[in-house]
Every structure is written in C-alpha cells, then in structure tokens.
Amino acid sequence: IGSSNTFAAELSDSNGSFDSTYYFLGKVITTTSGSIKCKLPAGLPYSSRYNIHVMADTPAVTSYFNPQTITIYPYPVANAGNDTTVCANQKFNLNAKGGTVYLWQPSTGLSDSTIANPQVKLNKTTTYKLTVSNWGGCTSTDTVTVFVNPASNQTIKETVCNGSSYVFNGKTLT
C-alpha cells in the first residue's frame with residue numbers, strides 16, 4: 001500500500017470508443033487520492049458522445065465499466081461586424097455572429113443589449129464590446145466602433161427648382 005500509483009485519464013473518440021483513436025488528458029502519481037488536471041486537445045469535433053476513463057498502473061485497472069460521458073461544444077468565435085460611420089441620431093442595426101447568447105457593452109443607444117442585431121441610435125462615437133457564448137458556456141469577445149458624425153445645422157438660403165441640382169460642400173445634391 002505504501003507504493004505510489006499512476007492514474008491517467010484518457011478521452012475517447014467522438015463516438016465514445018477507445019478502440020482506435022483516443023487522447024491522453026493527464027495523470028497524477030499518488031499513494032492516496034488526488035485530482036487529475038486535464039486539458040482537452042484543441043480542434044476536437046463537436047459531439048455529445050465522448051467518454052473519459054481513468055487507468056491505474058498498480059494494480060493495472062481501467063474504468064471501462066464506469067466511463068463518464070461528456071459533451072464537447074465548438075468554441076464560439078465572436079464577430080461584432082466592421083467599424084462603421086453614421087450621422088448623429090441615425091438609426092441602424094449592429095449585426096453580430098458567432099454564438100447562441102449575445103451581450104453588448106455598454107448598452108448605451110441599444111434597443112436590446114442581449115440580441116445579435118440590436119437597433120442603435122447614437123449622438124457620439126462609441127466602441128461596443130460583444131461577448132458571445134455557446135450552449136456549453138464557452139465565451140469569445142470582439143469589438144466594433146461606431147463613429148458618429150455630428151449633425152449639420154447649416155441652412156441653405158438658395159432657391160432650387162424641382163429637378164435641378166445644387167452643389168453643397170463640394171457635393172452635388174439633386
């Protein structure tokens with residue numbers, strides 16, 4: 001009983017089998033009890049059929065009869081969209097992708113900070129942080145900046161006939 005034992009954890013393939021492909025997750029060497037700190041390999045496909053079993057070397061035992069089933073969810077990739085420029089108080093929508101749950105911060109100017117495509121109305125430039133998560137609770141973040149051009153308060157004191165054009169600040173208006 002005084003000798004140490006090595007316990008190792010392994011992850012099955014995405015079908016729950018240890019027959020061909022499996023992944024070593026970690027081990028602990030102990031004379032009593034302990035926890036095995038595991039790190040899942042990157043790039044595992046989504047599946048709800050993975051199994052984990054623990055093996056011991058003294059005596060040589062594998063927990064095939066009591067595997068623990070786990071679900072591996074794909075890692076979300078937040079996409080808050082491209083930075084954009086709008087006029088002050090102009091309504092438009094942000095368009096996020098990458099998750100199943102969304103949170104925009106700050107909530108200033110947003111119709112709803114918990115949806116993918118909230119309507120926005122701003123009077124100053126604002127950078128939003130988007131946090132997305134998936135059903136497994138994994139999260140990812142991205143940012144988008146909405147640049148706001150101030151509203152013009154210039155008055156045109158010209159008579160313009162219907163159907164004709166007028167040049168204002170170097171731009172032709174029709």
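In the chain, the portion of solvent-accessible area held by carbon and sulfur atoms comes to 50 percent [1.4 Å probe, whole percent, DNA, RNA and ligands not counted]. Across the range 48-55, rounded Karplus estimates of 3J(HN,Hα) from the backbone phi angles (6.51 cos²θ - 1.76 cosθ + 1.60, θ = phi - 60°) give 9, 10, 5, 10, 10, 10, 10, 10 Hz, Gly and Pro being marked x. Solvent-accessible area per residue in the chain equals 67 Å², computed with a 1.4 angstrom probe and all protein chains kept. Placing unit charges on the Cβ atoms only, positive for Lys and Arg and negative for Asp and Glu, gives the chain a dipole magnitude near 620 debye about its Cα centre. Cross-link reach is defined here as a Cα-Cα straight distance under 16 Å, omitting same-chain residues fewer than 8 places apart; for Lys37 the lysines meeting it are Lys27. For Lys121, the lysines whose Cα falls under 29 Å of its own Cα, not counting residues fewer than eight places away in the same chain, are Lys91, Lys97, Lys129, Lys171.
The values are calculated or read from the model by the stated rules, or taken from the named source; none is laboratory data. Model, not experiment: these values are computed from the prediction. Every residue, glycine among them, receives a Cβ derived from its backbone with ideal geometry; neighbour counts consider all protein chains shown. Quick note on the areas: whole protein, heavy atoms, side chains included, nothing else; ligands and nucleic acids left out. Shrake-Rupley method; radii C 1.70, N 1.55, O 1.52, S 1.80 Å.
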